[in-house]
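The values are calculated or read from the model by the stated rules, or taken from the named source; none is laboratory data. What you see is a predicted model; the values in this text were computed from it and never measured. A quick note on method: Cβ atoms are made from the backbone with ideal geometry, for glycine too, and the neighbour counts reach across all protein chains shown. We work out accessible area using only protein heavy atoms, side chains counted, and drop any ligands, DNA or RNA first. Shrake-Rupley method; radii C 1.70, N 1.55, O 1.52, S 1.80 Å.
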Amino acid sequence: MATYTLPELPYDYAALEPVINPQIIELHHDKHHAAYVKGANDTLEQLEEAREKEAWGAVNGLQKNLAFHLSGHVLHSIYWHNMTGDGGGEPLAADGVGDLADAITVSFGSFAGFKSQLTKAAATTQGSGWGVLAYEPLSGRLIVEQVYDHQGNVGQGSVPILVFDAWEHAFYLQYKNQKVDFIEAMWRVVNWQDVAQRYAAAKARENVLLLAP
């Protein structure tokens, strides 16, 4: 049975100050992300037991649990690498991320329009969730998605390349109930090199969906 493991942070706990303080990074990674990894592994074991015993009474809940924990693991694994202490600004051709910059302009009209949409999407996600920039392979364009919890309200086949965590555990110790302030601050640590690499990788896989003739 394949198992999931908690990835190491690509920087130390203090690397994203003052945008995110070390205590939040430590708790967020070592406790919350770790809980999603454990939850995914535990649910796989429970599904294996259900298959062996042909006991399917809890299958609906187990499938939801697997989607929740696994999606939480995936999104957090992207989240850590989407940030860097010397990031921010906007993607520019001069920095070697011109393809991403062009795609943002084509898909959203301007960087300012994209920034505004993703900020609003993340800040207004009801309850817990994420704001996500994703590559949508059917159209070949970038889209913004609101992800409720970890796994809802997304286009099938879309590939997340930039994620803003809007769960309270991502910001409350520092920003209290001012989620909008946290989302605005996040733009100061975006790692555009990482986002550009994810965009290029997603484009290279654009034919994996079986398209209708």
| Structure-derived Rg and Dmax of the Cα atoms in Å: which label, when the choices are (i) 18.0, 59; (ii) 18.9, 59; (iii) 20.3, 69 | (i)
| task | Quick one: what are the phi-derived ³J(HN,Hα) couplings along segment 128-145, Karplus 6.51/-1.76/1.60 with θ = phi - 60°, whole Hz, x for glycine and proline? | result | 9, x, 9, x, 9, 9, 10, 8, 9, x, 5, 9, x, 10, 8, 9, 9, 10
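What Kirkwood hydrodynamic radius, in Å, does segment 34-148 give when the mean of 1/r is taken over all pairs of distinct Cα atoms and then inverted?
By the Kirkwood definition, the hydrodynamic radius is 16.8 Å.
Can you sort 188, 198 by solvent-accessible area, 1.4 Å probe, largest first? Don't skip to the end; give the middle numbers.
Working: 188 130, 198 65 Å².
Listed by decreasing accessible area, they come as 188, 198.
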| task | Taking amide H positions as placed in the peptide plane 1.01 Å from N, state which residues far from residue 129 in sequence (5 or more) or on other chains have amide H under 5 Å from it. | result | 149, 166, 167
| field | Euclidean distance of C-alpha centroids, segment 6-63 and segment 141-181, integer Å | value | 17 Å
| Lysine pair number, Cα distance threshold 26 Å (strictly under), the chain, separation 8 or more or different chains | 12
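Divide by every residue of the chain the summed helix terms, -39500 (n - 2.57) for each DSSP H run of at least 4, and state the resulting mean residue ellipticity at 222 nm, rounded to the nearest 500 deg cm²/dmol.
Values: 8 runs with 98 residues, N = 213.
Only helices count here, giving -14500 deg cm²/dmol.
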| request: Place a label point 7 angstrom from the Cα of residue 115 along the Cα-to-Cβ direction, then list the residues of segment 180-204 whose backbone nitrogen is under 13 Å away. | output: 184-190
| field | Amide H contacts under 5 Å for residue 162, placed H, 5+ residues apart | value | 133
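Can you tell me the relative contact order of segment 40-131? Whole percent, Cα pairs under 8 Å, sequence separation 6 or more.
Values: 36 pairs, mean separation 12.6, N = 92.
Worked out over segment 40-131, it gives 14 percent.
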| remark: Placing each pseudo-label 7 Å from Cα in the direction of the beta carbon, residue 141 and residue 38 end up separated by a distance in nanometres of 4.4 nm
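Taking all protein chains as present, what is the carbon and sulfur share of the accessible area of segment 1-152, in % to the nearest whole number, probe 1.4 Å? All intermediate terms of the calculation are to be shown ahead of the outcome.
Numbers: 3830 of 7560 Å².
Heavy-atom surface of segment 1-152 belonging to carbon and sulfur, 1.4 Å probe: 51 percent.
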| request: For residue 148 and residue 56, compute 0.36 nm times the residue count separating them, minus their Cα-Cα distance, and round to one decimal in nm. | output: 30.4 nm
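Any idea what the alpha-carbon Rg over 2.2 N^0.38 Å comes to for segment 1-77? Walk me through the intermediate numbers first.
On the way: Rg = 15.6 Å, N = 77, 2.2 N^0.38 = 11.5 Å.
The reported ratio for this selection is 1.36.
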